[in-house]
Structures are given as C-alpha cells and as structure tokens.
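Below is one structure, written out as structure tokens; the observations come after it.
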Amino acid sequence: MNEPGMGLGFRPGIHHAGWADGTRPFRLTLSPLHPKVWSRVMRRQPILAVTLLMLVPALQAGCQPTKAKDAAAKPAAPAKVEKMPGEADLTTITLTSEAEVRLRLKTAPIESKDVIRTRLIGGEVVIPPGRALIVAAPIAGTLYAPPDGLPSPGMPVKKGQIIFNLVPLLSAEARTTFATTRVEATGQIEQAEKQLAQAKLVLDRTERLRQQNLGGAGAVEDARSGFEVAQATLRAATTRRDAIDQAIKGAEGGTIPSLPIAAEGGGILRNLHVAPGQKVAAGAILFDVIDLDPVHVRVALYVGDLSKIDDSRLAEVGGLTDAPGMATRPAKRVTDPPSGDPIAATVDLFFEVSNKDVALRPGQRVGVTLPLKGTKAGLVVPRAALLRDVDGGTWVYEALDKHKYARRRVRVESVVGDVASLTAGPKPGVNVVTDGAAELFGVEFGGGK
C-alpha cells in the first residue's frame, strides 16, 4: 500500500495560480520528497519514477513565464522632444575651425550713414553723332566684289578694308574730260618744277650765307622747308598725270583699271545699298559703317527733375529689368544736339558708355541710374556681401558665435560703386561676411565643402 504522496513522488502540498482573473499565467510549484521516500518509489514503481523525471522539467518550463514575454507585454514609453527647431535654425551654418580657415572668410560691419541718392530711369542706346559713315560712288561705274569676298551687313570691318571694286564707265564726254585733265596735270608739273628750282636756289644761297656767318640758322631751316614742300608738290602732280595717262590708255585699249572702294573707318557694316554687278551713277550711296564703341544713351527726363541731377558724378547703365546689385557700366554726361518732347514735358540727356564687347545695340532699351544731389541716411553694406538666390531674393550672412553664421534677408535700394544701400536688413554694427559669402552659400545648399 502506498504512502501518502507515493503515487506522485511529491508531497501533497501544491501551490498554483493562473487564469483566475483571466490575465495572469499559470504557475505550478512542486516540492521534492525526502530521499528515503524517493528510493522506495524507485524500487517499487521504477517506470513511474522515470516518467516523472522526464515530464517535470517540461511542465515547469511551460508553466513559468519568460522575461521576453514580460518585456513584450510592457508598453514602450512615448518619445519626448526636448527642443523643437525654430525657423532661424534652418538658415544657420556651423563650421569647423579647419573649414573656416579653408574658406578664408572676412567680415565687415553694417553701417548707418549718409548715402548718395539715385533714381532709375529707362534709356535708349543711340549712335553718337559722326559715328555713322556713309560711302558713295566717286564716279559712275560698275561694281564688283573684292577677291576675298563681299562682307555681309552686321559683320565688323576695319578701316581701309576694300568693300567694292568700281570699274569706271567712260563716255565721250568722259574722254574729253580726261584730255582736259591731262593738260592741267602737265601744267601743274611744269609749275612744280619751276617752284622746286627756285626753292633750290634759295636754299643754296642761305647755306652759303650761313657758312660766311652772314645769315642765321632759322633762315636755312625755312629755305629747306620750302624746298621739301616744292619736292612734294612735284611728286603729287607727277602721280596725278601718270594716273590720268593710265586711264586714257585703258579707255583706248578697252581695259580700264578698277577703283577700290574702302571703308573710311572701322566698325560694323550696317547696310549694303547696292549689289555686285550693278551699275551706279556718281554720288550713289554704296554702304554705311557705324562705330559702336563707345555708344550714347538717351534718357528722357521730366523737366521738373532736371535741376536735381548731380552732373559731377557718373551714372550707371544696366539692364532695364536688372535688380539692384547687378553688373552695370559707368556712363558720363555728354553734350549732344539738344532735343525734347513738349507733349511729355521731357528733355533728353545723353551719356557716353564704353561698348568694346558690342553688347549694347542701337535702339536697345536700358536702365540708367542717375545720381541726385544731396544724401540721405540709411543702412550701408559692402557690395561683396550680397547674395542672390534663384527667386531673386537678396541675402547676407551674419556672423554669430564662433564658427556660426546665419543667412539674413535684406532689401537693396541701390548700389553705388562698391557699396549697397539697404532699406531692410540686420541692425547697424552687425558683422556680415564679405569674402567667402558665395562659398558659405554653397556649403549651406550642398554645393561646396
């Protein structure tokens, strides 16, 4: 007969708890028997003892909860943000000391001082007076293109460049004129020879008097100059007679040498009024050349503002829609033929602008910044500190703490030389980056290192 607890091999006391409230896992606690009792079980019921030894570890492992299940059942704590980033933090850059040295940044303070007053007015590019050269045919003839080809309108030409070759047309009257002209040329040669002989006698006499100390050195120089003038006159008369003889010879043989028609000044070939192979009369306009360096800019100014213009300072010429701070060209006031518009109550002012790159064309509309008399107080920042984004906004970089810079928006009113006048921006005394501002802009937006 088994003793109490022998059938299970354990003491009767069993502690358990589980699913009573529907939430806690089941727990089973088993206490081992006394060693003497266990030895009796092994002798009398060995199969049952072995089976219990194999099942008890599995029961204990299944009934006891694990740490992983407890951790999974426990909810995670919500995330906590210590400090929300502000809008100003989005435009702030912090550099390392090595990066700051590599960028070679320099700063300058924003100042509050008097600045030059200006006014932006539209203008028109015009050709300066006397810079449009019109070339006409000296005599009647037939036009031919030069050996190197006829230039097209709009192409640059040099002074002395041959544009056409003109073959004269000789009529009966022209032949008579040639004969009369040759007689005149022959008479001019004879007259020049006599003048040369007379000048030679005067030069010889003054040199002899000088050698005898009876005359001065000035008289000798005057005589020598007269002799040289007589020689030049004789050479010119001889050349003219030879040219007439060649023309007469060509007319008699049916071959007349062509007369080159060249550009009288350098510039742009604006228009060709004739074509190769065309017969033209004497005085017919052949082509015209314009010189576009420099050009003039005409500004129609209201008569009430005429007394406000400061003529002692240079104006600035730029694009008609350019924002303040864009590249401009200096322009000085010049005096062109006066003009105006009585209906619009305006008078025309003219300014001369360098145009070596031929970027300004006649008739082009431009923006002219006119300097006004007097000054006004305002914020002033170096022009090198200004940056412009793709949307046209203007910015500067303010130097904050060590190695820290913040991009600030500014509003530019005008730019005069290397200084920009602001209507809105940081306070006076704030240091802004001048050298290296563009590099900071690239670092902020990922375009630099």
Seminar exercise, completed: Taking MET155, MET326 and counting other beta carbon atoms within 10 angstrom, the fewest-first order is MET155, MET326
Problem set entry | Simple label model, 7 Å out from Cα along Cβ direction - LEU272 to ARG388, nm | 4.0 nm
Seminar exercise, completed: Contour minus Cα-Cα span, GLN246 to ASP435, at 0.36 nm per residue, comes to 60.9 nm
For this session: Estimate the FRET efficiency between ARG119 and LEU400 by the formula 1/(1 + (r/R0)^6), using the beta-carbon distance for r and 35 Å for R0, to the nearest 0.05.
Result: 0.45
Seminar exercise, completed: Between the modelled labels at ALA345 and THR423 (7 Å from Cα along Cα→Cβ) the distance in nm is 2.4 nm
For this session: Within the range 399-445, report the chymotrypsin sites (Phe, Trp or Tyr not before Pro) that DSSP leaves as loop and that have at most 15 other Cβ atoms within 10 Å.
Result: PHE445
Exercise. Where does each of VAL135, VAL334, VAL183, VAL396 land when they are ranked from fewest to most other beta-carbon atoms within 10 angstrom?
Worked result: VAL183, VAL334, VAL135, VAL396
Exercise. How would you rank TYR144, TYR302, going from fewest to most other Cβ atoms within 10 Å of each one's own Cβ?
Worked result: TYR302, TYR144
Exercise. If R0 is 51 Å, what FRET efficiency do you get for ASP311 and ALA284 from their C-beta distance, rounded to 0.05?
Worked result: 0.70
Seminar exercise, completed: A student asked for the Cα radius of gyration and Dmax of the range 373-449 in angstrom ought to give 13.0, 46
Exercise. Spin-label point model (7 Å from Cα, Cβ direction): what's the PHE445 to ALA197 distance in nm?
Worked result: 8.9 nm
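Here, each number is a calculation from the coordinates, and none is a lab measurement. Everything quoted here is computed from the prediction, not taken from an experiment. Glycine also receives a Cβ, built like all others from the backbone with ideal geometry; neighbour counts cover every protein chain displayed.
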